[in-house]
Amino acid sequence: MRKLLNRHSHCGLTEKMEAYLILISVLSISSLSSSQECHRELLENVDFPGTDIKFVYSPDAQHCQHLCTQHPSCLFFTYICADWTSDNRHFYCYLKSTPSGQPKVQTPLLGVTSGYSLKPCGPDPQPCLSRVYPNVDFPGADYRVLFTADYEECQRVCTEDPFCQFFTFVNDVFTPAKIRYKCHLKFSWPLPRTSNVNRKTGLVSGFSHSTKLTQYSDTACSVKLFPSTDIPGSNIESQSAGTPEHCLALCSAHPRCTYFSFESKALTCHLKSNPNELVLKAKEDVTSGIATHFCQQNTDWAKTALDGVNFHGSDMLFELVDDEIICQKTCSIDQNCQFYTYVNENFEDSDIWRHCYLKRVTTMPAPPKVTKLANVVSGFTKRNCI
């Protein structure tokens, strides 16, 4: 297990190799040019200081690179490795950007790895993450726990469970002994979520027609919606959504969601969890519904443009186009685009008429935190590797 970890890591190096690779990495950086070129290589022991957008947790530099690729504005990154010794930061993935697309400074620094977004490379929207991580924990995000004989079986269960995105397995020498062989299945959102949806005259928003929104099934879903009806209480979280059908898709993708209520005025989707009872209450401007499972959802809702609706934020870039139809087609052709907002002549600010804003968010498995923990093994679903 330790050999597996070291062989694929971009962080563990001898002192001679460290000095040599610092030189090679600096020379490599000097040869890099436009951010629009495809640069897959990882630069070991090189820091891109400053210009941070945010930091997220990541188990290795390759995963960090995928996170940068899926972030709407990240152009390059620096990853702090597990063997970093200067402070207690480990598994930190710093997402970065500059107007030029290039780091302002590049400096040698032991224990970090830097690199560039793969957006110009035509990236796989759901990359295969087959590697496992001994003595690494993905705390939080649990929705199901069971016992398995080994981490391979835990990963197989995660791969077969449509909700599972990653896992942590407790091995046979863990202390306390009573939780040995425990397999924790964990969830992160596989659907693109519009983080802020509001109503605004002159804006038209919608989704890419190329975005995968559901797992394929031979069985069509039987949908049950309750117009002008609320289901009070039992909220687990709220998400922005454009339509009741969009809200249904979000609820059906979440392992704990049993039903939902969608507020049409606020464009808010309340995900609810209560397997014991379903209490309906009449309420105007609210549509409720029941989650669907193991069936093929109708995704026609994602092909309908929403007039007077703004998908605020998550912008990658904008292009000038003549109408919302061309904007939708532009988003569908761009493999990085998941949703869009178009500004027409009814918008109050004429300076941004005809702007087509292409947008995206992270949909690959992403643990909320990554830490060191002896005698556990963590990893990801292998559904995307098949």
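The values are calculated or read from the model by the stated rules, or taken from the named source; none is laboratory data. Please read these numbers as outputs of a predicted model, since none were measured by experiment. Every residue, glycine among them, receives a Cβ derived from its backbone with ideal geometry; neighbour counts consider all protein chains shown.
Determine if region 324-331 includes at least one residue that is within 14 Å of the chain's Cα centre (by Cα) and either closer than 16 Å to L213 by Cα or of a type in the set (G, A, S) (or both). Please lay out each step first, then the result.
Here is the first cut: in region 324-331, the residues within 14 Å of the chain's Cα centre (by Cα) are none.
Scanning region 324-331, I find no residue that is within 14 Å of the chain's Cα centre (by Cα) and either closer than 16 Å to L213 by Cα or of a type in the set (G, A, S) (or both), so the answer is no.
Can you tell me which condition M316 does not meet? The list is (1) in a strand (DSSP E or B); (2) under 27 Å from L225 (Cα atoms); (3) within 23 Å of the chain's Cα centre (by Cα), and all the others hold.
Against the list (1) in a strand (DSSP E or B); (2) under 27 Å from L225 (Cα atoms); (3) within 23 Å of the chain's Cα centre (by Cα), M316 comes up short only on (2).
Which numbered condition trips up K119, out of (1) modelled with pLDDT of 95 or more; (2) in the same structural domain as N45 (by TED's automatic domain parsing)?
With (1) modelled with pLDDT of 95 or more; (2) in the same structural domain as N45 (by TED's automatic domain parsing) applied to K119, the lone miss is (1).
For K369, which of the numbered conditions (1) surrounded by 22 or more Cβ atoms within 10 Å (Cβ to Cβ); (2) closer than 28 Å to F167 by Cβ; (3) in contact with a Gly (Cβ under 7 Å, 6 or more places away or on another chain) fails to hold?
(1) is the only condition that K369 fails.
One line per residue, one yes/no per condition, for (1) assigned by TED's automatic domain parsing to the domain that holds V170; (2) not in a helix (DSSP H, G or I):
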{"position": "P275", "(1), (2)": "no, yes"}
{"position": "T292", "(1), (2)": "no, yes"}
{"position": "G308", "(1), (2)": "no, yes"}
{"position": "K329", "(1), (2)": "no, no"}
{"position": "S332", "(1), (2)": "no, no"}
{"position": "C337", "(1), (2)": "no, yes"}
{"position": "F347", "(1), (2)": "no, yes"}
{"position": "N375", "(1), (2)": "yes, yes"}
{"position": "G379", "(1), (2)": "yes, yes"}
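Could you check region 1-85 for helices (runs of 4 or more DSSP H) lying wholly inside it with 1 or more residues that are at pLDDT 50 or above and within 17 Å of S97 (Cβ to Cβ)?
Counting at least 1 such residues, we get 61-70.
Six or more apart or on different chains, Cβ atoms under 6 Å: show the pairs whose first residue is in region 368-386 and among the polar types (S, T, N, Q) and whose second is surrounded by fewer than 15 Cβ atoms within 10 Å (Cβ to Cβ).
From residues that are among the polar types (S, T, N, Q), the pairs are N375/V173; N384/C128.
Would you say L110 is surrounded by 16 or more Cβ atoms within 10 Å (Cβ to Cβ) and over 21 Å from D83 (Cα atoms)?
no
When you scan region 167-264 for strands (runs of 3 or more DSSP E) that lie fully inside it, which ones turn up with 1 or more residues that are among the aromatic types (F, W, Y), free of Cβ contacts under 8 Å to residues at least 60 places away in the same chain and out of contact with any Pro (no Cβ under 6 Å at 6 or more places or on another chain)? Outline the logic, then answer.
Numbers: elements: 182-186, 196-207, 235-240, 259-263.
Where strands (runs of 3 or more DSSP E) fall fully within region 167-264 and carry at least 1 residues being among the aromatic types (F, W, Y), free of Cβ contacts under 8 Å to residues at least 60 places away in the same chain and out of contact with any Pro (no Cβ under 6 Å at 6 or more places or on another chain), they are 259-263.
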